[in-house]
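Just passing along the structure, written as structure tokens.
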Amino acid sequence: MILQRRRDYRRQTQLTSNTLFSSTPTFITSLSFSCSLFLLAEMFVTLQLLYTTTCFHTPVFVSANYLNTSSPLSVSISLSPSDKPEQVSHRTTRPRDQRRKDNNNRFNQDTQLKKPSLDKISKNGVPKRRHIGHEFKVRTKCSTKWASYGGSIPAIMKALDEIRDVAEALRPWEDRINNKERSIILKEQRRWDRALEIFEWFKKNDHELNVIHYNIMIRMLGRARKWDHVESLWNDMNARGIVATNSTYGTLIDVYSKGGLRDHALFWLERMLGQGMEPDEITMVIVVQLYKKAGEFRKAEGFFRKWSSGKTLRPGNKNLAASELDERASCNDASLSSHTYNTLIDTYGKAGQLKEASETFLKMLQQGIKPTTVTFNTMIHICGNHGQLEEVSLLLRKMEELQCSPNTRTYNILISLHTKHNDVDTATKYFRRMKDACLEPDVVSYRTLLYAYSIRKMVHEAEELISEMDERGLEIDEFTQSALTRMYIEAGMLEGSLLWFQRFHGAGNMTSECYAANIDAYGEHGHALEAEKVFIWCQERKSLSILEFNVMIKAYGIGKCYDKACQLFDSMEKHGVVADKCSYSSLIQFLTSADKPHIAKPYLQKMQESGLASDCIPYCSVISSFAKLGQLEMAEDTYMEMIRHGVQPDVIVYGVLINAFADVGSFKKAMSYIDEMERAGLPGNTVIYNSLIKLYTKVDDLKKAQETYKLLQSSEAGPDVYSSNCMIDLYTKRSMVDQAKEIFETLKVNGAANEFTFSMMLCLYNKVKKFDEAIQIAKQMRNSGLLTHVLSYNNVLDLYAISGRPKDAIETLKEMVRATIQPDDCSFKSLGVLLLRYGISRHAINKLEVCMKKDASQGLQAWISALSSVFEVDDYDNE
């Protein structure tokens, strides 16, 4: 188990350390010279095998306590599931047929895999041999690594690399390859098919294959996502009597998880538990990573907590030895590996659990586990994403205190965090500090900073980075290319943007996505001509795809080049491109927004014929556009066409029609669509309710308006000012002061009351002879700047005329003239009432009205003079 594994490994490491580095050659003198060399080489191969097969890339670190002590070096290494030391039997000398017979007797068919296969597996459970048609080239760069293994490995690997036939390549060593060498040979293969060919040769030539060899192959084939071969290996293991270990299950869970097959990975976990085997620390971490990758953070945390508590992970698991549980429970008190802590911290971070991540980090320090660069990177990323930049600074200081050097990834995280928090200066400082620390910025460093510069239109800084990348030969990706095109456009440097684009266009490596992104960059900013140039250049370089057409249609639409948009759409067929749903929807949307539903409707019909009008959205656009133009008959025709094609309307379509007929006061039509909507089981929304109140106001139906207004009040959005004004209007007609005042006060508190709201309340108070309240409303309107419309002025004039306030009336008239608001017939009607009240004859008032009709300017002056002389007010001046 894992603790035993650690103890064995420490003893082995200590023995090797003492042997290789001790100043006293006691060990060598105790044996013959040749035997010593053999043992040294074998130990070196063991360490090399264990170290180089680490799949988690967990750094090897010195214990924190070692920094202040002279105790022997203690090394902790995290091994991959497929390379954990296993107890294997020595090679038997029995005949191969006899061994296979024994194995078949020992393991019956119940041990075979019983789960739906992902790919077809051959009947005998052995993967079919595939002819490898690749030419093998000499890889001189691997020679140094092969040489580090020593022994026969360099020569074997060179032969396998140069000779295509496996049997011919391995003939000189056919009877001399041992288990460790077989592991190295399989592990060092770069291609899964070559590894499988060698593995099959080992089987064919009666070489012993133990569980480690199968683990290596499972990992290699799993990474290549050759699931049929993986399952064949499993069946072959069972047929040969090779018992799966913790490492085997861990590897299976790992490769299926990383292959995106969560359910299959969990199948292997269940199978493992069903065999009475509990995960060790390494397998536990793999399962936690599986849940983390799937976003199931609670399950990940729960699995770890249950595992660390020492309780069985499968209730009723009677096959589990008590010693295994005791040993696993002791891991909770002992120090977990740094890789385990890193995984837990990352899991908490992705779950947004900053507190738990920090507590785990603190526990790691308390247990004496020195955090690695990976640990600090994870914590910095988590704290930064939560806006805890002070914590980030503390972590950096702790990192320096523990002499844990930051790497390029550390600086990339810091650059990204500060750009997200709009602190580009600090991000730039970290970029320079990275170079000062003799660390080479990678493409991520440049791309992150370039994007930050581009969205802030920092052209000079961006161009400096581009020069650096060019000098280092770093590739600029398509996302960065299009982002910088946008930067030049937004900075008003159209010529520079085109030169930048042509640099990549001329290289001939741009994809359809990149061309589309550049066209879209110009189109979104209204530069249809430049977008058109890019489109033409794309057409010259490569065949056009639907992407370029769609963004070019969008560019024409934004630029209001509707004829060009239609022509481009019509030319798609000539270029062998079939319009998709986006093409139709975009064109129809632009045309209807421009009040061109007659042009849009034929395209809607084509969309329907192509089977792409599966929802009511494009229909709604056309219906709404017709309704906006008052062409309700065409709107209804489009609606009926939608119904005939089996497309179900939604509440928005009904809302458009109800509102359109409410505007023209067509009560029956509006109610018919309300009934249809109710029969369809669609609930009303605020738009529908507002339209209904508008309709009920026009037909003067207070009761139904009140019922609908209550529905609006209970909704999340609440009633809008238009509906509230409609209710005040209904209450004004009935002189219902209290009800109107309640709505008015609510609107004032919410800051929603507008000029019409105040005018209606003024009319209501004037109607019920509450002149003091009405005059206060008039003052509030004037002070709030809500006297802007002739209707509002007329209401104020009427108030002053009825309440007998001639001077205020004359001042209001002068105010209208100064505001260049032309008085209308209603204005002079109120002023006539005022003159009649103070003894001016009807004949004199009629003469003023005739004068006004002959010459508006002289007539207005005559009215003001008459009013001023009657009420002894200074005459109107020409200021």
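PRE reach from LYS770 (point 7 Å along Cα→Cβ): which of the stretch 692-732 fall under 16 Å by backbone N?
Hits in the stretch 692-732 for LYS770 at 16 Å: 728-732.
If you bin every alpha carbon distance in the stretch 447-574 into 10 Å steps from zero, what whole percent lands in each bin?
In order of increasing distance, the bins hold 13, 45, 31, 10, 2 percent.
Let me ask something else. Show me the chymotrypsin sites (Phe, Trp or Tyr not before Pro) within the stretch 755-855 that DSSP assigns to loop and that have at most 13 other Cβ atoms within 10 Å of their Cβ.
Values: sites: PHE756, PHE758, TYR765, PHE771, TYR793, TYR800, PHE828, TYR838; in loops: TYR838.
Answer in residue order: TYR838.
Read phi for every residue in the stretch 727-742 and hand back ³J(HN,Hα) as whole Hz from Karplus 6.51 cos²θ - 1.76 cosθ + 1.60, θ = phi - 60°, with x for Gly and Pro.
5, 4, 4, 5, 5, 5, 4, 9, 6, 8, 5, 4, 5, 5, 5, 4
TYR838 versus ASP720, label points 7 Å from Cα toward the beta carbon: distance in nm?
Each label point lies 7 Å from its Cα, and together they span 4.4 nm.
Hey, another quick one. Once the other residues with Cβ under 14 Å from the Cβ of LEU791 are scored (Lys, Arg +1; Asp, Glu -1), what is the net sum? Don't skip to the end; give the middle numbers.
Working: positive: LYS829; negative: ASP729, GLU755, ASP798, ASP824, ASP825.
Surrounding charge for LEU791 is -4.
I'd like the FRET efficiency for VAL850 and PHE871, computed as 1/(1 + (r/R0)^6) with the beta carbon distance as r and R0 of 30 Å, rounded to 0.05.
Working: r = 22 Å, r/R0 = 0.74.
Here the calculated transfer efficiency is 0.85.
Another question, if that's okay. How high is the relative contact order of the stretch 386-482, in percent, with contacts defined as C-alpha pairs under 8 Å that are six or more residues apart?
Numbers: 62 pairs, mean separation 20.4, N = 97.
About 21 percent, as a whole number.
Continuing with the same structure: Applying a 10 Å radius around every beta-carbon, put 540-553, 339-352, 776-789 in order of their mean neighbour count, most first.
Working: 540-553: 19.1, 339-352: 22.2, 776-789: 15.6.
Sorting 540-553, 339-352, 776-789 by mean packing, highest first, produces 339-352, 540-553, 776-789.
Continuing with this model, one more query. As a quick test, which of the pairs LYS226/LYS350; LYS779/LYS853; LYS741/LYS814; LYS258/LYS306 have an alpha carbon distance above 25 angstrom in this structure? Intermediate results must be reported in sequence, preceding the final value.
Details: LYS226/LYS350 30 Å; LYS779/LYS853 32 Å; LYS741/LYS814 31 Å; LYS258/LYS306 23 Å.
Beyond 25 Å between Cα atoms: LYS226/LYS350; LYS779/LYS853; LYS741/LYS814.
Which order do the peptides 729-740, 478-489, 852-863 come out in when sorted by mean C-beta neighbours inside 10 angstrom, highest first?
Working: 729-740: 16.6, 478-489: 21.2, 852-863: 14.4.
Output ranking for 729-740, 478-489, 852-863: 478-489, 729-740, 852-863.
Can you tally the net charge around CYS616? Count Lys and Arg as +1, Asp and Glu as -1, for every other residue whose Cβ sits under 12 Å from the Cβ of CYS616. Please report the intermediate quantities before stating the final value.
Working: positive: none; negative: ASP615, GLU641, ASP650.
Every neighbour counted, the sum reads -3.
Separate question: Using a cut-off of 14 Å between beta-carbons, work out the net charge of the residues near GLU742 (Lys and Arg +1, Asp and Glu -1, GLU742 not included).
Working: positive: LYS710, LYS741, LYS748; negative: ASP738, GLU745.
Combined, the nearby Lys, Arg, Asp and Glu give +1.
With r as the distance between the Cβ atoms of ASP615 and MET671 and R0 = 22 Å, compute the FRET efficiency 1/(1 + (r/R0)^6) and round to 0.05. Working shown, then result.
Working: r = 26 Å, r/R0 = 1.18.
Given R0 = 22 Å and the Cβ-Cβ separation, E is 0.25.
Assuming R0 = 35 Å, can you tell me the calculated FRET efficiency for the pair ALA167 and THR408, based on Cβ-Cβ distance, to the nearest 0.05?
On the way: r = 45 Å, r/R0 = 1.29.
Taking R0 as 35 Å, the efficiency between ALA167 and THR408 is 0.20.
Let me ask another. At what distance in angstrom do the alpha carbon centres of the stretch 627-662 and the stretch 203-239 lie from each other?
First find each Cα centre; the distance between them is then 64 Å.
For the pair GLU359/GLU811, report the inter-label distance in nm, with labels modelled 7 Å from Cα in the Cβ direction.
So the label points at GLU359 and GLU811 sit 7.1 nm apart.
Hey, another quick one. Need one number: nm distance between label points at SER593 and ARG262, each 7 Å from Cα along Cα→Cβ, rounded to one decimal.
Modelled inter-label distance: 3.7 nm.
What full-extension length gain, to one decimal in nm, is calculated for GLN605 and CYS438 as 0.36 nm per residue of separation minus the Cα-Cα distance? Before the final figure, lay out each step's value.
Working: separation 167, 0.36 × 167 = 60.12 nm, distance 6.44 nm.
Value of the extension gain: 53.7 nm.
Please work out how much length the chain gains when fully extended from LYS733 to ALA155, using 0.36 nm per residue of separation minus the C-alpha to C-alpha distance, in nm with one decimal. Can you show the working numbers first?
Working: separation 578, 0.36 × 578 = 208.08 nm, distance 10.45 nm.
Once the chain is fully extended between LYS733 and ALA155, it gains 197.6 nm.
Every read-out reported here was derived from the displayed coordinates using simple, explicitly stated rules and does not represent laboratory data. Just so it is clear, the structure is predicted and the values come from calculations on it, not from any experiment. Because the Cβ atoms are built from the backbone with ideal geometry, glycine has one as well, and the counts that use them run over all protein chains shown.
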